[in-house]
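So the structure is just underneath, and the comments pick up after that.
The values are calculated or read from the model by the stated rules, or taken from the named source; none is laboratory data. Quick caveat, the model's predicted, so the values are computed rather than measured. In this analysis, Cβ positions are derived from the backbone assuming ideal geometry, glycine residues included, and neighbour counts consider all displayed protein chains.
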Amino acid sequence: MPLELKPLTALTLWRDVTLESVRSELPDLTQRQLAILLHVYLMPPPHTVRGLAATLNVTKPAITRALDTLGRTGLLKRRRDDADRRNVLIQRTVKGSIFLSDFGDRVTESAKKLDS
């Protein structure tokens with residue numbers, strides 16, 4: 001059965017998760033960076049700069065800037081596609097997997113608090 005949330009409950013959950021995220025030791029990501037990270041980890045690869053730009057409906061330079069930050073934090077990494085050197089492939093990292101696992105735990109805990 002699909003989970004149904006009223007808009008106020010959904011916004012409260014999002015606020016609670018956001019507050020927990022910025023209070024934690026986790027990297028403080030922008031919405032764009034988080035969207036990219038979630039897409040790369042939740043959707044099957046391969047992921048490219050061009051593909052992410054199309055999916056998010058933003059420019060390739062905007063994706064590149066977000067990937068620069070995500071790369072510096074170790075949450076994603078980039079490498080040239082050996083089959084087509086024009087493509088840059090976006091890859092998952094162990095640190096990124098741990099980050100999203102922790103983030104998912106925060107979402108779950110915040111949702112549980114709403115039920116009580």
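Within the stretch 92-116, restricting attention to residues that are surrounded by 15 or more Cβ atoms within 10 Å (Cβ to Cβ) and not charged (D, E, K, R), the residue that is nearest to Leu5 (Cα to Cα) is Ala111. Selection of the stretch 90-116 for residues being closer than 11 Å to Leu75 by Cβ and aliphatic (A, V, I, L, M) yields Ile90, Val94, Ile98, Leu100. Evaluate the following for Leu38: is it under 12 Å from the mean Cα position of the chain (by Cα), closer than 30 Å to Leu5 by Cβ, in contact (Cβ under 8 Å) with a residue 40 or more places away in the chain and crowded, with 16+ Cβ neighbours inside 10 Å? No.
Select from the stretch 47-57 the residues that are buried (at least 16 other Cβ atoms within 10 Å of the Cβ) and either under 19 Å from Thr30 (Cα atoms) or touching a His at 6+ places or on another chain (Cβ under 6 Å) (or both) and list them in ascending order. Before the answer, list the steps.
Of the residues in the stretch 47-57, the ones buried (at least 16 other Cβ atoms within 10 Å of the Cβ) are 47-49, 51-53.
Once the filter is applied, which keeps residues that are buried (at least 16 other Cβ atoms within 10 Å of the Cβ) and either under 19 Å from Thr30 (Cα atoms) or touching a His at 6+ places or on another chain (Cβ under 6 Å) (or both), the stretch 47-57 yields Val49, Leu52, Ala53.
So, Asp28, is that one farther than 30 Å from Ala111 by Cα and either surrounded by fewer than 16 Cβ atoms within 10 Å (Cβ to Cβ) or in contact with a Lys or Arg (Cβ under 8 Å, 6 or more places away or on another chain) (or both) or not? I'd like the intermediate steps shown before the answer.
Details: farther than 30 Å from Ala111 by Cα: no; either surrounded by fewer than 16 Cβ atoms within 10 Å (Cβ to Cβ) or in contact with a Lys or Arg (Cβ under 8 Å, 6 or more places away or on another chain) (or both): yes.
No; evaluated as a whole, the condition is false for this residue.
Taking each residue of the stretch 94-116 that is under 22 Å from Gly71 (Cβ atoms) and looking for partners that are aromatic (Phe, Trp, Tyr) and modelled with pLDDT of 95 or more with beta-carbon atoms closer than 8 Å, six or more apart or interchain, yields Gly96/Tyr41; Ser97/Tyr41; Leu100/Tyr41.
Looking at the stretch 35-116, what helices (runs of 4 or more DSSP H) fall wholly within it and have at least 2 residues that are modelled with pLDDT of 95 or more, small (Gly, Ala, Ser) and out of contact with any Phe, Trp or Tyr (no Cβ under 8 Å at 6 or more places or on another chain)?
Working: elements: 49-56, 60-72, 94-115.
Of the helices (runs of 4 or more DSSP H) lying wholly inside the stretch 35-116, those with at least 2 residues that are modelled with pLDDT of 95 or more, small (Gly, Ala, Ser) and out of contact with any Phe, Trp or Tyr (no Cβ under 8 Å at 6 or more places or on another chain) span 49-56, 60-72.
Among the residues making up the stretch 77-97, those that are more than 19 Å from Glu25 (Cβ to Cβ) and either of a type in the set (A, V, I, L, M, F, W, C) or within 16 Å of the chain's Cα centre (by Cα) (or both) are Lys77, Arg78, Ala83, Val88, Leu89, Ile90, Gln91, Arg92. Find the residue count for the stretch 70-91, including only residues that are surrounded by 12 or more Cβ atoms within 10 Å (Cβ to Cβ) and either touching a residue at least 40 places away in the same chain (Cβ under 8 Å) or touching a strand residue (DSSP E or B) at 6+ places or on another chain (Cβ under 7 Å) (or both). Of the residues in the stretch 70-91, 13 are surrounded by 12 or more Cβ atoms within 10 Å (Cβ to Cβ) and either touching a residue at least 40 places away in the same chain (Cβ under 8 Å) or touching a strand residue (DSSP E or B) at 6+ places or on another chain (Cβ under 7 Å) (or both).
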